[in-house]
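Asker: Before I ask anything, let me first share the structure, which is written out below as structure tokens.
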Amino acid sequence: MTPGQSLARGVARALLGFDFVSLAEFVPAPGLRVDLICLGPKAEVWIVECKSCRADFVADNKWQGYLGWCDRFFWAVDTAFPTELLPAETGIILADGYGAEIVRMAAETPLAAARRKALLRGFGRAAALRLQALNDPGVSASVFP
């Protein structure tokens with residue numbers, strides 16, 4: 001498991017306590033792949049990008065493209081990460097492989113209804129296909145993002 005995957009696991013575990021379910025490596029649109037997309041009990045959509053080090057963050061030049069695909073955007077980092085690098089309007093989640101804590105809530109920018117509907121449909125299809133692939137080794141989960 002990579003450091004980013006470990007952070008994602010800790011975040012997903014923690015957000016489940018707030019009734020959010022998560023999918024890792026989700027493609028909301030062609031050319032975009034988020035580390036975690038999280039769906040809340042009122043259909044709120046959060047995106048979490050996991051950064052294991054400063055270089056990982058500095059090299060990420062696509063994160064602003066994710067802002068239009070969520071109600072709130074967060075960074076998940078470990079306690080050694082220099083959080084002052086992270087943009088003020090974004091949320092911060094401190095995480096490790098076993099859990100996480102939201103230390104700064106992200107600004108809310110509500111999705112348009114049509115985009116929310118498309119994301120919810122994609123989330124459901126991706127989750128169902130991944131489950132089917134777990135239950136049937138003849139099915140490839142890579143058929144659908």
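Here, each number is a calculation from the coordinates, and none is a lab measurement. In this text, all values refer to a predicted model and were calculated from it rather than measured experimentally. Cβ coordinates were reconstructed from backbone atoms using ideal geometry, including for glycine residues, and neighbour counts include every protein chain displayed.
Asker: Can you list the chymotrypsin sites (Phe, Trp or Tyr not before Pro) in the stretch 1-107 that are in a DSSP coil and have 14 or fewer other beta carbons within 10 angstrom?
Answerer: For chymotrypsin sites (Phe, Trp or Tyr not before Pro) across the stretch 1-107 that sit outside H, G, I, E and B with at most 14 neighbouring Cβ atoms in 10 Å, the list reads Phe18, Tyr98.
Asker: Please work out how much length the chain gains when fully extended from Ala55 to Ala133, using 0.36 nm per residue of separation minus the C-alpha to C-alpha distance, in nm with one decimal.
Answerer: Separation in residues times 0.36 nm, less the Cα-Cα distance, equals 24.7 nm.
Asker: Going through the stretch 64-134, which GluC sites (Glu not before Pro) have at most 13 other Cβ atoms within 10 Å and a DSSP loop state?
Answerer: Passing sites in the stretch 64-134 are Glu89, Glu108.
Asker: Quick check: pseudo-label points 7 Å beyond the Cα along Cα→Cβ at Ala80 and Ala107, how many nm apart are they?
Answerer: Rounded to a tenth, the inter-label distance reads 3.2 nm.
Asker: State to the nearest 20 debye the size of the charge dipole of the chain about its Cα centre, where the only charges are +1 on K and R beta carbons and -1 on D and E beta carbons.
Answerer: Its charge dipole is roughly 520 debye.
Asker: Right, here's the next one. For the residue pair Glu44 and Met1, what label-to-label distance in nm results when each label sits 7 Å from Cα along the Cα-to-beta-carbon direction?
Answerer: Here the answer is 2.6 nm between the modelled labels.
Asker: Okay, moving on. Around Leu67, with a cut-off of 14 angstrom between Cβ atoms, what is the net charge of the other residues, counting Lys and Arg +1 and Asp and Glu -1?
Answerer: Neighbourhood net charge equals -2.
Asker: How compact and how long is the stretch 15-77, expressed as Rg and Dmax of its alpha-carbon atoms in Å?
Answerer: Cα only, the stretch 15-77: 11.7, 35 Å (Rg, Dmax).
Asker: First measure r as the distance between the Cβ atoms of Leu120 and Lys62, then evaluate 1/(1 + (r/R0)^6) with R0 = 25 Å and state the FRET efficiency to the nearest 0.05.
Answerer: 0.65
Asker: Another question about this same structure. Regarding the chain, what are the three Cα extents along the principal axes, ordered largest first, in Å?
Answerer: Its Cα atoms span 44, 35, 30 Å along the three principal axes.
Asker: Share of antiparallel DSSP beta bridges in the chain, in percent to the nearest 5?
Answerer: Rounded to the nearest five, the antiparallel share is 60 percent.
Asker: Still on this model: Between helix 113-135 and the chain, what is the angle of the helix's C-alpha long axis to the longest principal axis, kept within 0 to 90° and rounded to the nearest 10?
Answerer: 70 degrees
Asker: Okay, next question. Would you work out the relative contact order for the stretch 3-137, in percent, from Cα pairs under 8 angstrom that are 6 or more residues apart?
Answerer: Value for the stretch 3-137: 24 percent.
Asker: All other residues with a Cβ under 14 Å from the Cβ of Lys42 taken together, and with Lys, Arg as +1 and Asp, Glu as -1, what is their net charge?
Answerer: -2
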